[in-house]
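Written below as structure tokens is the structure these notes are about.
The values are calculated or read from the model by the stated rules, or taken from the named source; none is laboratory data. Just so we're clear, the structure is a prediction, and the values are computed from it rather than from any experiment. Cβ coordinates were reconstructed from backbone atoms using ideal geometry, including for glycine residues, and neighbour counts include every protein chain displayed.
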Amino acid sequence: MEDISLLSLAILAAALLATGVVAGIIAGLLGVGGGIVIVPVLYYMFTFLKVDPTVLMHVAVGTSLATILATGASSARAHWKRGAVDMDLLKTWWWAIALGVIGGATLAGNISGGALTVVFGVVALAVAANMLFRKDGAALAEKLPGTPIRETLGVMIGGISVMMGIGGGTLGVPILTLFNYPIRKAVGTAAAIGLIIAVPGTLMSIYFGWGVENRPPFSLGYVNMIGFLLIIPASTLSAPLGAKIAHTIDPSKLKLVFAIFLGFTGLRMLYDVLL
């Protein structure tokens, strides 16, 4: 997409603005945020716009990570003010998460877009299954494990999250609550984990995508700047609409809707790549 007309550029901008609106509504409606919504919507938008499949998923992931820099910082600050961020845990866990991010981003930068899509699809299915079949309050143990299992979990959260272009909530909250961790503190701590993932993840997405051909126009490495600048305000403004709708719907039904959304997305991505 090196040579692009003004009309094509306008279509791209409109599609990315729509991505932000859709992502914001879904995030507000379902109480989620970050890449778990943005990446699939970008994936479908870029597919529709016929972005080269070899870079499509890389740009979706990189752009999503960049948006988390803004949304994650705001979320983490809000949770920190309410005392919901476990700083003691982060002081001993951040380096393992960061190590996972570096490893995951390096791997993501050197594998095909198809392989990256498979990673997202498989993990999306796993998250959907967890939401559908895990009973509320079910825990694996009474407290977080010690070294080296805790560090291994941190590496896993960082590595998988950066390859999917997501923040800390999608994997961090389920994993923490598996060990009887209070849900509010899990959500707040996961928001801070999102920044640990997004900062190096975005920088490495820019580095590995630098000079790569067939990226959408106005891309800094694998970060599409049009998407970055349009998604953040659009999602921020549209999220209250989703939240308003959420108050009129049964929470259990919302959980079911999101699980179905993730399951469908995961299956569709795997279908596109493997079949």
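Would you check if LEU153 is over 17 Å from LEU65 (Cα atoms) and surrounded by fewer than 20 Cβ atoms within 10 Å (Cβ to Cβ)?
no
Residue by residue, here is whether (1) within 30 Å of ILE249 (Cα to Cα); (2) at pLDDT below 85; (3) out of contact with any Pro (no Cβ under 9 Å at 6 or more places or on another chain) holds:
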site: ILE36; (1), (2), (3): yes, yes, yes
site: VAL39; (1), (2), (3): yes, no, yes
site: THR47; (1), (2), (3): no, no, no
site: SER64; (1), (2), (3): yes, no, yes
site: TRP80; (1), (2), (3): yes, no, yes
site: ILE102; (1), (2), (3): no, no, no
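Answer yes or no as to whether LEU171 is buried (at least 21 other Cβ atoms within 10 Å of the Cβ), closer than 21 Å to ALA73 by Cβ and in contact with a helix residue (DSSP H, G or I) (Cβ under 7 Å, 6 or more places away or on another chain).
Yes: the conditions hold for LEU171.
Tell me which residues, restricted to segment 108-131, are closer than 17 Å to GLY159 by Cβ and at pLDDT below 90.
Result: VAL127, single match.
It is to be established whether one or more residues within segment 169-191 are at pLDDT 95 or above and either touching a Pro at 6+ places or on another chain (Cβ under 9 Å) or not aliphatic (A, V, I, L, M) (or both).
Checked against the condition, which is being at pLDDT 95 or above and either touching a Pro at 6+ places or on another chain (Cβ under 9 Å) or not aliphatic (A, V, I, L, M) (or both), segment 169-191 yields no hits at all.
Can you confirm whether GLY159 is modelled with pLDDT of 90 or more and buried (at least 16 other Cβ atoms within 10 Å of the Cβ)?
Yes: the conditions hold for GLY159.
For segment 181-226, name all the residues that are among the β-branched types (Val, Ile, Thr) and not in a helix (DSSP H, G or I).
Correct list: VAL212, VAL223.
For VAL212, indicate whether it is within 20 Å of ALA60 (Cα to Cα) and of a type in the set (Val, Ile, Thr).
Answer is yes for this residue.
Considering segment 187-204 alone, what residues qualify as being of a type in the set (Gly, Ala, Ser) and more than 14 Å from the chain's Cα centre (by Cα)?
Selection gives GLY188 alone.
Which members of segment 199-258 meet the condition of being within 22 Å of LYS50 (Cα to Cα), surrounded by fewer than 16 Cβ atoms within 10 Å (Cβ to Cβ) and of a type in the set (D, E, K, R)?
Across segment 199-258, the qualifying residue is only GLU213.
Before we move on, is THR92 crowded, with 16+ Cβ neighbours inside 10 Å and of a type in the set (S, T, N, Q)?
Spelling it out, it is not the case that THR92 is crowded, with 16+ Cβ neighbours inside 10 Å and of a type in the set (S, T, N, Q).
What about GLY167, is it part of a helix (DSSP H, G or I) and within 30 Å of HIS58 (Cα to Cα)?
Considered against the rule, which asks whether it is part of a helix (DSSP H, G or I) and within 30 Å of HIS58 (Cα to Cα), GLY167 comes out as no.
Anything in segment 139-160 that is part of a loop (DSSP other than H, G, I, E, B), in contact (Cβ under 8 Å) with a residue 24 or more places away in the chain and small (Gly, Ala, Ser)? List them, or say none.
Passing the criteria: ALA139, ALA141.
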